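Taking it in order: structure first as structure tokens, then the write-up.
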Amino acid sequence: MPQLEEKPRVFLEEYRLKNAANDYGMADEKWNFKKFVKNFRIVIVRLDNFEMEFDLIGLQPAFANAFRRLMLSEVPSMAIEKVMVRNNTSIIQDEVLAHRLGLIPLKADPRLFEYRPEDATEGTEYDTLEFSLKVKCTAVKSQPKDSYRTEDLYENHSVYSSQIKWQPIGNQASVHKEADVGPVHGDILISKMRPGHELDLQLIAVKGIGKDHAKFSPVATASYRLLPEITLTREVVGGQAALLQSCFSPGVIGIDSEGKAYVKDARYDTCSRNVYRYDDIKDAAILSRIRDHFIFNVESVGAMAPNVIFVEAVKILRDKCKSLLDELNSF
Amino acid sequence: MKISEVCFIISSLYVPTEGLGAYPKLGLPGDEESGLTCRTYVFQDESHTLGNALKSIINRYDDVDFCGYTVPHPAESKMHFRIQTKETPALEVLKRGLKDLQKVCDHTIDLFDKEVKEFNKT
């Protein structure tokens, strides 16, 4: 591997963390945008509609952390914010029910909606989605004598998120499709009921951000970690090799045909310090992490693809800078 | 539900008397006598996200003696941003920092979009 020595590292020693002697935490270098552009790399590792793994290489921890924080708490999404309870005779209390409904992820793309103005009492078709949930539990008339299974005895004994009905306001029906605004998952259990119990609710979803309430966060998780690196300092063979292998996550250490241990792939190591438990091999491995190599894991809740969420997050930071600059220039 | 509003920046210099109810006098030593090179800016509705990113850029400018930020109280959504320079006016440094951060974001978006496109091709 070329330029291995140039990478800033943090070493995981037996009892402490140690930075390389020539490492000043990347803070002493003068700011140079051209140099940043030259060093900065992005590698996409995994990407589908719900999950994504990518590497940001060669940037300051402050930026990586800003992107992470933005994804969690400042990228908007739609969620149920108000619940009008016309009737609720189930055993779940109104406020608990409303909270549960709020946490149901909606598919609606927040980019197609606006924030509802704070003083607005009525929602418009541009900032609000309305749903209704009307379910009544009844006893099945033709009850089989010897069955005690709830699905044989009662109708609607479980209320699922798929029973939430979208009610378009204004022109919404021509702009959106029901499948694109409703709950992401249809099998979320909202409440259990027995004959006589009834729910009649009006649900109002608005656009919001995770800073206000976690239900508005577009990600299930968004986190980063530093790339692990393991260097073997001497030959490890035979029983020692097997022992070394067992000290790390599966797939990290390989053993070749001669019984010699080698580092196969340190990326998915958990960086536990198990090697240091064994005196005979603790000198064989150096554990470290690359300080400017961030492995991001973004898990979307379902409304937006994870790559879109990341771009939205960076856009928010950019727009913040822009509006602040405009304001400063008007002084 | 609170929407992230356009942020107001109030420098202790620009708002000496008005708005003091909302902003108790900052009373930071040096701001009165040291001229334009030392300032604390108060960012409304901002926190570590912007503060730390901006600080990490501005701290690495040549003329900057000190740059740091603090969120004085977790219950108030305010961020205090302090800049001390040798000669350049602090406001210029702040503007330059914001411009640089904007450039970083633009470059990140471009590069990320490019990489995603590339990834989807294969």
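A count restricted to the range B:73-88 and to residues that are without any contact (Cβ under 8 Å) to a residue 24 or more places away in the chain and in contact with a strand residue (DSSP E or B) (Cβ under 6 Å, 6 or more places away or on another chain) stands at 0.
Scoring A:Lys211 on the criteria (1) basic (Lys, Arg); (2) away from every other protein chain (no Cβ under 14 Å); (3) under 30 Å from B:Ser47 (Cα atoms) leaves a single failure, condition (2).
Can you find, within the range A:88-98, the residue that is surrounded by the most Cβ atoms within 10 Å (Cβ to Cβ) among those that are in contact (Cβ under 8 Å) with a residue 40 or more places away in the chain and part of a loop (DSSP other than H, G, I, E, B)? Among residues in the range A:88-98 that are in contact (Cβ under 8 Å) with a residue 40 or more places away in the chain and part of a loop (DSSP other than H, G, I, E, B), the one surrounded by the most Cβ atoms within 10 Å (Cβ to Cβ) is A:Ser90. Here is a list of conditions, (1) away from chain B (no Cβ under 14 Å); (2) modelled with pLDDT of 95 or more; (3) farther than 30 Å from A:Arg291 by Cα, and A:Leu227 meets all of them except one; can you say which number that is? It is condition (3) that A:Leu227 fails. Take the residues in the range A:315-331 that are within 17 Å of B:Val42 (Cα to Cα) and more than 7 Å from chain B (Cβ to nearest Cβ), then tell me which one is surrounded by the fewest Cβ atoms within 10 Å (Cβ to Cβ). Only one residue tops the list, namely A:Ser330. From the list B:Glu46, B:Glu76, B:Glu32, the one residue that fits, being crowded, with 16+ Cβ neighbours inside 10 Å, modelled with pLDDT of 50 or more and out of contact with any Lys or Arg (no Cβ under 7 Å at 6 or more places or on another chain), is B:Glu46. One residue alone among A:Ser174, A:Ser191, A:Ser162 is in the same structural domain as A:Glu130 (by TED's automatic domain parsing), modelled with pLDDT of 95 or more and assigned to a helix (DSSP H, G or I), and that residue is A:Ser162. Collect the residues in the range A:49-79 that are at the interface with chain B (Cβ under 9 Å from one of its Cβ atoms) and in contact with a Gly (Cβ under 6 Å, 6 or more places away or on another chain), keeping them in residue-number order. Of everything in the range A:49-79, just one residue is at the interface with chain B (Cβ under 9 Å from one of its Cβ atoms) and in contact with a Gly (Cβ under 6 Å, 6 or more places away or on another chain), namely A:Ser73. If the condition is being surrounded by fewer than 19 Cβ atoms within 10 Å (Cβ to Cβ), closer than 29 Å to A:Pro306 by Cβ and in contact with an Asp or Glu (Cβ under 7 Å, 6 or more places away or on another chain), then the range A:116-161 contributes A:Tyr126, A:Asp127, A:Tyr160. Among the residues that make up the range B:89-110, is at least one of them more than 9 Å from every other protein chain (Cβ to nearest Cβ) and outside any helix (DSSP H, G or I)? Yes, because at least one residue in the range B:89-110 is more than 9 Å from every other protein chain (Cβ to nearest Cβ) and outside any helix (DSSP H, G or I).
Scanning the range A:170-193 for residues that are surrounded by 15 or more Cβ atoms within 10 Å (Cβ to Cβ) and not small (Gly, Ala, Ser) returns A:Gln172, A:His176, A:Val181, A:Pro183, A:Val184, A:Ile188, A:Ile190, A:Lys192, A:Met193.
Which members of the range A:274-292 meet the condition of being assigned to a helix (DSSP H, G or I) and in contact with a strand residue (DSSP E or B) (Cβ under 7 Å, 6 or more places away or on another chain)? Working first, answer last.
The initial filter retains those residues of the range A:274-292 that are assigned to a helix (DSSP H, G or I), namely A:274-277.
The one that is assigned to a helix (DSSP H, G or I) and in contact with a strand residue (DSSP E or B) (Cβ under 7 Å, 6 or more places away or on another chain): A:Val275.
Does the range A:299-312 include one or more residues that are of a type outside the set (Phe, Trp, Tyr) and at positive phi? Yes: the range A:299-312 contains one or more residues that are of a type outside the set (Phe, Trp, Tyr) and at positive phi. A:Ile42: within 14 Å of another protein chain (Cβ to nearest Cβ), surrounded by 15 or more Cβ atoms within 10 Å (Cβ to Cβ) and free of Cβ contacts under 8 Å to residues at least 40 places away in the same chain, yes or no? So A:Ile42 fits the description; yes. Residues in the range A:67-87 that are assigned to a loop (DSSP other than H, G, I, E, B), over 10 Å from A:Ile309 (Cα atoms) and touching an Asp or Glu at 6+ places or on another chain (Cβ under 7 Å): none.
Considering only residues in the range A:54-80 that are out of contact with any helix residue (DSSP H, G or I) (no Cβ under 7 Å at 6 or more places or on another chain) and under 30 Å from A:Ala205 (Cα atoms), the one that is surrounded by the fewest Cβ atoms within 10 Å (Cβ to Cβ) turns out to be A:Ser73.
The values are calculated or read from the model by the stated rules, or taken from the named source; none is laboratory data. Quick caveat, the model's predicted, so the values are computed rather than measured. As a convention, Cβ positions derive from the backbone with ideal geometry for all residues, glycine included, and neighbour counts pool all protein chains shown.
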